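Below is one structure, written out as C-alpha cells; comments come after it.
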Amino acid sequence: MIGLAEDANAKVLILPMEIPPNFGKFYTDAFRASFPGAIEGTDAVLADFPLASVALNRDLMQADGIHPTVAAQPLILTSVWRSLEGLL
C-alpha cells in the first residue's frame, strides 16, 4: 500500500499501533516491529505512537482499557499533527 501511494505521488505517514500485552511478548514485539519494517526502502514517515499520551491514563480510556475516550481526541490530534504537519 505504501508503494502504491508513493507511486501516485502521495506522501505517506504511518501511525503505529500497539496491541494488548495479553497476546504475548512474541506477538506484541512482532506487531510493534512491523511498522518500522513496513517503511523500509520507502519515503514513508513513521509517526510516534498516537496514544502515548493517553493510553496509560484511565480517565482518557474507555472501560475496555483499549480504546480512547472522546476527551482523549485532542491529545491524539496533537500527537498526529506533530508528524503530519511536516508532510504538508
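Counting only other residues whose beta carbon sits under 13 Å from that of I14, what net charge do I get with K and R as +1, D and E as -1? Before the final figure, lay out each step's value.
Working: positive: K11, R32; negative: E6, E40, D43, D48.
Net charge in that neighbourhood comes out at -2.
Where does the charge balance sit around F49 when Lys and Arg score +1, Asp and Glu -1, over other residues with C-beta under 11 Å from its C-beta?
Net local charge, F49 excluded: -1.
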Hypothetical label at R32: residues of segment 69-88 whose amide nitrogen lies under 20 Å (7 Å Cα-Cβ projection) = 80
Computed helical MRE - 222 nm, the chain, DSSP H runs ≥ 4 contributing -39500 (n - 2.57), nearest 500 = -11500 deg cm²/dmol
query = Rounded to the nearest 0.05, what FRET efficiency do Q73 and A10 have when you use their Cβ-Cβ distance and R0 = 35 Å?
reply = 0.90
key: Theoretical FRET efficiency, 1/(1+(r/R0)^6), r = Cβ-Cβ of L87 and A63, R0 35 Å, to 0.05   = 0.50
ask   = By how many degrees, 0 to 90 and rounded to 10, does the Cα axis of helix 73-84 deviate from the longest principal axis of the chain?
value = 20 degrees
Debye intensity ratio in log₁₀ form over the Cα atoms of the chain, taken at each q of 0.10, 0.23 Å⁻¹ = -0.31, -1.14
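Laboratory data are not the source of any read-out in this text; all were calculated from the coordinates shown. In this text the structure is predicted, and so the values were computed from the model without any measurement. All Cβ positions, glycine included, derive from the backbone under ideal geometry; neighbour counts span all protein chains shown.
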